Amino acid sequence: MFDFEKLDVYQLVKEQNVKVLLYLKSNKDLDPYILDQWKRSSMSMLLNLAEGTGRMTDADKRNFLTIARGSVFECVAILDLVHSLKLIEKEKFEDFYLGYESISKMLLGMYRSYSKS
């Protein structure tokens, strides 16, 4: 098992990605650009977290965590837009939103832990 797979935040990000990707796959009402960007942002959270965990210096780790957290914000902005366009059910919106909020807080906590080293 790789180090990143042991992280609670990685498991949460992976779970969020599964939910979002399944939603995007089944939702034909979304504009292809929005769908593609949401997919890219979602994958960016996961991949930057994994890559950053493998970096050797705290500065490198913080950089990748910053990018991953930025991707969370991007996903939330897309989610907010989709919600405003009434293209997502309220319950699904709230589930995704809460997941992103938890992920953001956990990534910030990790970032701060590398800042103290």
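Can you go through V76, V72, V82 and tell me which one is among the aliphatic types (A, V, I, L, M) and in contact (Cβ under 8 Å) with a residue 40 or more places away in the chain?
Being among the aliphatic types (A, V, I, L, M) and in contact (Cβ under 8 Å) with a residue 40 or more places away in the chain holds for just one of V76, V72, V82, which is V82.
Restricting attention to the stretch 28-37, which residues are out of contact with any Leu (no Cβ under 8 Å at 6 or more places or on another chain) and assigned to a helix (DSSP H, G or I)?
P32, Y33, D36, Q37
Kindly establish whether R40 is under 11 Å from the mean Cα position of the chain (by Cα) and either assigned to a helix (DSSP H, G or I) or crowded, with 16+ Cβ neighbours inside 10 Å (or both).
Spelling it out, R40 is indeed under 11 Å from the mean Cα position of the chain (by Cα) and either assigned to a helix (DSSP H, G or I) or crowded, with 16+ Cβ neighbours inside 10 Å (or both).
Say we look at the stretch 18-50 and pick out the residues that are more than 17 Å from D80 (Cα to Cα) and of a type in the set (S, T, N, Q); which of these is modelled with the lowest pLDDT?
Here the answer is S26.
In this structure, does L12 turn out to be of a type outside the set (S, T, N, Q), loosely packed, with under 12 Cβ neighbours inside 10 Å and in a helix (DSSP H, G or I)?
Taking the combined requirement at face value, the residue does not satisfy it.
In the stretch 12-56, what count of residues is obtained for those that are farther than 22 Å from K105 by Cα, without any contact (Cβ under 8 Å) to a residue 40 or more places away in the chain and not hydrophobic (A, V, I, L, M, F, W, C)?
7
Here are K105, K61, K25: which of them is surrounded by fewer than 16 Cβ atoms within 10 Å (Cβ to Cβ), more than 14 Å from the chain's Cα centre (by Cα), part of a helix (DSSP H, G or I) and of a type in the set (K, R)?
K25
For the stretch 78-94, what are the residues that are within 16 Å of W38 (Cα to Cα) and either under 12 Å from the mean Cα position of the chain (by Cα) or part of a helix (DSSP H, G or I) (or both)?
If the condition is that a residue be within 16 Å of W38 (Cα to Cα) and either under 12 Å from the mean Cα position of the chain (by Cα) or part of a helix (DSSP H, G or I) (or both), then I78, L79, D80, L81, V82, H83, S84, K92, F93 are the ones that fit.
The values are calculated or read from the model by the stated rules, or taken from the named source; none is laboratory data. Nothing here was measured: the structure is a model prediction, and the numbers come from that model. For neighbour counting, all protein chains shown are included, and Cβ atoms are generated from backbone atoms with ideal geometry for every residue, glycine included.
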